[in-house]
Each structure stands twice: as structure tokens, then as C-alpha cells.
Amino acid sequence: MNPLTSLARRGLFLFDPEAAHGLSIKALKTGLVPSCPAGADKRLSQTIAGIAFPNPIGMAAGYDKNAEVPEALLKIGFGFTEIGTVTPKPQAGNDKPRIFRLVEDEAVINRLGFNNEGHGAALARLKACPRDALIGVNIGANKDSADRIADYVAGIHTFYSVARYFTANISSPNTPGLRDLQARESLAALLSAVLSARDEEALRSNRRVPVFLKIAPDLTEEGMDDIAAEVLAHNLDGLIVSNTTLSRDGLQDQAQAKESGGLSGKPLFEKSTAVLARMRNRVGPKLPIIGVGGVSSAETAAEKIRAGADLVQLYSCMVYEGPALPGRIVRGLSALCDRERLTSIRDIRDSRLDYWAGRNV
């Protein structure tokens with residue numbers, strides 16, 4: 001970490017984590033975070049789910065919940081970004097404090113609860129973005145919704161004209177009962193409804209927008225079997241593996257570890273990567289998978305790809321590494337291609353699949 005980044009981090013860490021997050025959004029809005037796009041490298045570009053990604057590194061959902069800074073994020077090295085999770089109605093989320101830094105572990109615990117300004121506010125901002133901006137929309141359900149599946153369907157209809165892809169987020173641990181949608185019968189109903197809505201919009205617009213499903217890392221083997229079966233049966237466009245974990249194994253900061261919520265950051269890397277590899281084994285080589293969890297460097301990003309990911313997302317590690325992280329990772333992946341004489345970063349995909357699928361984490 002360079003001295004300027006270290007100084008900025010010390011300054012932000014003087015603030016409550018949620019206040020620091022707000023300040024980082026403001027910095028991106030006002031241009032205080034300089035653009036540092038990674039140089040174009042055709043070896044890092046690939047077409048996944050019909051979308052041409054300039055590089056495999058994306059900003060995960062959760063940072064830019066209300067679509068305030070997607071263009072600014074794309075200017076600091078990300079190949080794509082994902083806004084949300086956004087729900088039909090605005091909601092405040094859970095009581096504060098609800099974000100906690102575990103500095104010794106370079107981790108974060110959050111129990112935000114889908115706090116966001118609702119569909120209308122996000123849609124208005126996305127309509128102002130260039131049509132070719134590679135922005136995904138992560139959709140969810142309101143906490144008090146009488147029909148959660150209808151909330152996901154509403155997300156498809158609302159954002160269809162502006163989303164490059166959708167993510168149905170059923171894996172947050174902070175909305176009571178939401179993870180129940182991962183159960184096979186519930187998942188089948190959700191996927192049928194969401195994909196029917198997508199197909200209606202595709203016919204109307206003559207434009208097919210891919211739909212991904214974001215799952216939790218805290219799944220049993222049987223749960224992974226059920227999800228894989230339904231994903232394949234419904235011809236879903238891809239998976240995102242994974243959201244935050246409820247596990248607290250191996251943490252140094254035992255005081256903060258007692259806080260409820262989902263854990264992200266470096267300690268999530270091994271668990272999420274093992275689940276990624278197991279899901280790759282279940283769904284086969286063709287289904288696109290985005291790997292998320294604990295990505296803090298070019299090597300950890302590459303390891304996600306070796307474990308079966310086509311693309312990689314990050315968020316929490318940027319809290320500790322700063323806004324230069326995505327550009328640094330992209331440059332590191334180019335250097336890896338040089339060292340290993342790769343014609344495409346895709347050449348390393350699945351090369352450590354068996355290793356990660358066999359990890360007992």
C-alpha cells in the first residue's frame with residue numbers, strides 16, 4: 001500500500017464504518033478519487049453470458065446500493081459494476097450501528113438489511129448513464145413484502161431497459177427468511193417467475209438481458225445439489241458465488257466477531273472459493289460463474305478463476321486496500337499472462353478445480 005493510500009485509510013478509519021462509506025461515495029461523486037483505468041489487454045477480455053467484459057474484475061453489489069457512482073467505479077479499473085441490492089420500496093434497513101470493521105482480520109461484518117432508496121431513485125440515476133456502461137442490477141425483496149417473488153419480478157420489469165445483467169439476491173443473511181428462497185421448491189418458483197418476466201421483456205424489447213443468481217457460502221452439500229439442479233433445469237444464465245458468511249471460524253478479533261450479520265473480506269476467501277469449485281463441479285463447464293469473497297490481490301483473483309470462476313467481484317477488501325485495488329489487480333493479471341505466456345486469462349480456469357472442491361472449509 002502506498003503512503004497516500006495508507007494516509008487516506010487512517011483518515012477514513014477515524015469515522016464510523018457507515019459514515020466512512022458515505023464519504024467514499026461522495027469522494028467518487030466529486031472526482032476526489034482520480035480515474036486510473038487499467039490499460040486495455042485483450043487477454044483479459046472475454047464474452048460471458050453474451051456480454052463483452054473488458055476485464056474480469058467487477059465491483060460487487062452492496063457498495064453502490066443506490067446507483068450513485070457506477071460510472072466513477074468503471075473509471076478506476078473495474079471492468080463492470082453491480083448496483084443494489086435495490087428493493088421496490090425504499091427501506092431504512094436495520095438499526096445502527098450495523099457495519100463493523102475487524103481490522104486485524106481485514107474483514108467486515110454487516111447487518112444492513114437492504115437499506116436503499118427503492119426502485120424509482122435507482123432507475124432515475126441509471127437512465128442518465130451511457131447505454132453501453134457495463135452495469136448490473138442486483139434485485140431483492142422488501143423486508144415487509146407480502147409477496148417476495150413479486151418484488152423480484154418487479155425488479156426485472158423496472159430495470160430492464162437499463163440493466164446489462166440482473167442478479168437475484170436470495171443470499172443475504174440480514175433479511176429474515178430471505179435465504180429460505182434457496183430451498184428447492186421456493187427456488188423453482190422464484191426462477192420460473194423471474195425468467196418468465198425476463199422473457200416477456202426480451203420479446204417486447206428484442207434484447208435479452210442475462211439473469212444471475214447469488215447464493216450463500218453456508219450451504220450444505222444437499223443444498224448445493226438442489227440449487228444446481230434448479231439452475232440447470234431453468235437454463236439460468238449464471239451464478240454468483242458467494243454472499244457473506246455467518247461463520248466466525250478463525251477470526252482474531254473475537255470482540256467484533258460477536259456482532260451478528262454477514263462476514264466478508266479476507267477470511268471469506270477460502271470458504272467462498274471452495275463453494276465456488278463445488279458448484280462448478282455440479283453445474284459443469286459451460287454455465288458462467290462469478291466468484292466473490294475475499295479477493296484482495298491479483299493472485300486471489302486468479303485463484304478464483306483457477307477454482308472455476310469466469311469473472312470475479314470484490315468489495316470489502318477495498319476498505320483496507322483503497323480505490324487503487326481494482327486497477328492493481330487488473331495490471332497484476334496482465335503480468336500473470338506475461339509470466340505464464342497465456343493467450344487468455346480463461347486458460348487458467350478450472351486448473352485448480354479439484355484442489356478447491358476438495359477443501360474442507
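The values are calculated or read from the model by the stated rules, or taken from the named source; none is laboratory data. Keep in mind that what you see is a predicted model, and the values were worked out from it rather than measured. Here the Cβ is made from the backbone with ideal geometry for all residues, glycine too, and neighbour counts use every protein chain on show.
Of the residues 339, 346, which is without any contact (Cβ under 8 Å) to a residue 24 or more places away in the chain, in a helix (DSSP H, G or I) and surrounded by fewer than 19 Cβ atoms within 10 Å (Cβ to Cβ)?
Only one candidate passes the filter, namely 339.
So which residues in region 35-87 are free of Cβ contacts under 8 Å to residues at least 60 places away in the same chain and charged (D, E, K, R), if there are any at all?
Matches in region 35-87: 42, 64, 65, 68, 75.
Take the conditions in a loop (DSSP other than H, G, I, E, B) and surrounded by 21 or more Cβ atoms within 10 Å (Cβ to Cβ) and apply them to residue 167. Does it pass?
Judged against the criteria, residue 167 is not a match.
Just one of 156, 135, 170 is within 26 Å of residue 261 (Cα to Cα) and touching a residue at least 40 places away in the same chain (Cβ under 8 Å); which is it?
After applying the criteria, what remains is 170.
If the Cβ limit is 9 Å and pairs must be 6+ apart or interchain, which residue in region 184-205 that is farther than 15 Å from residue 237 by Cβ pairs with which residue that is polar (S, T, N, Q) and not in a helix (DSSP H, G or I)?
205/161
Tally the residues that are more than 21 Å from the chain's Cα centre (by Cα) and more than 20 Å from residue 193 (Cβ to Cβ), restricting the search to region 221-266.
The total comes to 14.
Does residue 152 qualify as being crowded, with 19+ Cβ neighbours inside 10 Å, of a type outside the set (Lys, Arg) and out of contact with any helix residue (DSSP H, G or I) (no Cβ under 9 Å at 6 or more places or on another chain)?
no
Out of region 88-121, which residues are closer than 28 Å to residue 147 by Cα, in contact (Cβ under 8 Å) with a residue 60 or more places away in the chain and either touching a His at 6+ places or on another chain (Cβ under 6 Å) or part of a helix (DSSP H, G or I) (or both)?
88 - this is the single residue of region 88-121 that is closer than 28 Å to residue 147 by Cα, in contact (Cβ under 8 Å) with a residue 60 or more places away in the chain and either touching a His at 6+ places or on another chain (Cβ under 6 Å) or part of a helix (DSSP H, G or I) (or both).
On the phi > 0 side of the Ramachandran plot, at pLDDT 95 or above, buried (at least 18 other Cβ atoms within 10 Å of the Cβ) and within 16 Å of the chain's Cα centre (by Cα): does that describe residue 140?
No; evaluated as a whole, the condition is false for this residue.
Out of the residues in region 52-69 that are outside any loop (DSSP other than H, G, I, E, B) and small (Gly, Ala, Ser), state the one that is farthest from residue 265 (Cα to Cα).
Here the residue is 52.
For region 206-217, which residues satisfy the criterion of being among the hydrophobic types (A, V, I, L, M, F, W, C) and either in a helix (DSSP H, G or I) or touching a residue at least 60 places away in the same chain (Cβ under 8 Å) (or both)?
Of everything in region 206-217, those that are among the hydrophobic types (A, V, I, L, M, F, W, C) and either in a helix (DSSP H, G or I) or touching a residue at least 60 places away in the same chain (Cβ under 8 Å) (or both) turn out to be 212, 215.
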